[in-house]
Amino acid sequence: MTVRSFKLLVSILCLILVVLIASGAWLFVQQSEKRHKGSDLVGGSFELVDQDRNNITNNSFPNKFKIIYFGFTFCPDVCPMGLTTISEALDLLGTKAKHIQPIFITLDPLRDTAEVLKSYKENFHESIIFLTGSEKQIRSVAKLYKVYFRKTNDADDYLIDHSAITFIMAPSGGYLKHFGPNANAVEFSNFFNSILK
């Protein structure tokens, strides 16, 4: 191998190395953007009312990640456990929790008035907001998140069968991840620690 061919080989290898590094950096930026923007798999525009009768929309917290959980206050077990898990995860995250807005959306607007939600809120992390609306608004937002729900009967003490999924949404409103009913606080906090560097 001559000196000239050796220099050419080194130059080609250096060029390949530069292209690989640039490609890796581009992929890292794309993944990072995707992680913070999310997808449009679930979610969308809604307008509801919180426990203090403030109007809340999907754009009310533009710089925060959202934890969105659907349920109802008369739920005997799944909903309180889900909200407790979210509360514990927020405690585990410490100061990072300020970048997250947890939201509970009732599936029972007939019984879950603002007053009922305000009282229920006292049992969980102080940053969780509780939303209600008309039956039409609740059906609409549940459809956006692909949440199944149905009253079990027409008695006054009815329950509601419903999906028990917790959605994680990006500050932009895009879907990032969901957790099932068996997820624990450590799983939530690990996920947020991975994106809140």
Original post:
Out of curiosity, is THR95 closer than 12 Å to ASP50 by Cβ and modelled with pLDDT of 95 or more?
Top reply: no
**OP:** May I ask you to say which residue of ILE105, ILE129 is surrounded by 17 or more Cβ atoms within 10 Å (Cβ to Cβ), farther than 13 Å from PHE70 by Cβ and either out of contact with any Phe, Trp or Tyr (no Cβ under 7 Å at 6 or more places or on another chain) or of a type in the set (A, V, I, L, M, F, W, C) (or both)?
**Re:** ILE129
**OP:** Inspect all residues belonging to the stretch 164-173 and state whether any of them is aromatic (Phe, Trp, Tyr), more than 21 Å from ASN59 (Cα to Cα) and surrounded by 15 or more Cβ atoms within 10 Å (Cβ to Cβ).
**Re:** no
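The values are calculated or read from the model by the stated rules, or taken from the named source; none is laboratory data. Bear in mind that the values here come from a model prediction, so they are computed numbers and not experimental data. Neighbour counts are summed over all protein chains in view; Cβ atoms, including those assigned to glycine, are modelled from backbone coordinates with ideal geometry.
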